[in-house]
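Nothing in this text is a laboratory measurement; each read-out follows from the coordinates by a stated rule. Keep in mind that what you see is a predicted model, and the values were worked out from it rather than measured. Note that each Cβ is placed from the backbone with ideal geometry, even for glycine, and that neighbours are counted across all protein chains shown.
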């Protein structure tokens, strides 16, 4: 089974589609059996959740061993990050990596991929230069993408 967590209007065929209309992301534990999902897809939702480490621990609990988790969020320098007044976090690659490595103690994930996806303007600038310029110029990085593997004994 697969979970589309924070589906919004993007209902995916073959997935359980949860959104705030039918699910409260900030009440733990989630009413889902452990070891249910082989994939969790969370696009543009993690920045709305109050406790990201707790949510990731829940993802771990409800995932099968070796499950794939894909998290996509707006980069903190992207205009879209600030246009939504319901955002409670503004994230970077480093912030997501720190959450996985430091704040999810007791559960294990393997970071398979972690990268920023450029905006339309950012695509015209070579990656290494874009990453340096993004420290000073907003609007070059659009999203942060993290792909995880769930590690269970």
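Points worth noting:
- Contacts under 9 angstrom Cβ, first residue in segment 123-139 being at positive phi, partner not in a loop (DSSP other than H, G, I, E, B), 6 or more apart: 139/79; 139/122
- Tally of residues being closer than 17 Å to residue 17 by Cβ, buried (at least 21 other Cβ atoms within 10 Å of the Cβ) and touching a helix residue (DSSP H, G or I) at 6+ places or on another chain (Cβ under 7 Å) across segment 30-54: 3
- Scanning segment 98-122 for residues that are outside any strand (DSSP E or B), touching a residue at least 12 places away in the same chain (Cβ under 8 Å) and under 29 Å from residue 150 (Cα atoms) yields a count of 6.
- Test for residue 64: is it surrounded by fewer than 16 Cβ atoms within 10 Å (Cβ to Cβ), assigned to a helix (DSSP H, G or I) and more than 16 Å from the chain's Cα centre (by Cα): no
- Flag if residue 129 is farther than 26 Å from residue 24 by Cβ and part of a helix (DSSP H, G or I): yes
- In this entry, residue 32 passes the filter for residues that are assigned to a loop (DSSP other than H, G, I, E, B), in contact with a strand residue (DSSP E or B) (Cβ under 9 Å, 6 or more places away or on another chain) and within 21 Å of residue 4 (Cβ to Cβ).
- One residue stands out among those in segment 74-89 that are touching a residue at least 60 places away in the same chain (Cβ under 8 Å) and surrounded by fewer than 20 Cβ atoms within 10 Å (Cβ to Cβ): the one that is nearest to residue 136 (Cα to Cα), which is 79.
- Residues being touching a strand residue (DSSP E or B) at 6+ places or on another chain (Cβ under 7 Å) and assigned to a loop (DSSP other than H, G, I, E, B) - total across segment 132-153: 3
- Consider segment 96-108 and keep the residues that are crowded, with 16+ Cβ neighbours inside 10 Å and within 13 Å of the chain's Cα centre (by Cα). The one that is nearest to residue 139 (Cα to Cα) is 96.
- Evaluation of residue 10 against (1) closer than 30 Å to residue 135 by Cα; (2) within 16 Å of the chain's Cα centre (by Cα); (3) part of a loop (DSSP other than H, G, I, E, B) (one fails), failing number: (1)
- Residue that is surrounded by the most Cβ atoms within 10 Å (Cβ to Cβ) [pool: residues in segment 15-29 that are over 19 Å from residue 87 (Cα atoms) and in contact with a strand residue (DSSP E or B) (Cβ under 6 Å, 6 or more places away or on another chain)]: 17
- Scanning segment 45-57 for any residue that is within 16 Å of residue 107 (Cα to Cα), touching a residue at least 60 places away in the same chain (Cβ under 8 Å) and under 17 Å from the mean Cα position of the chain (by Cα) turns up nothing.
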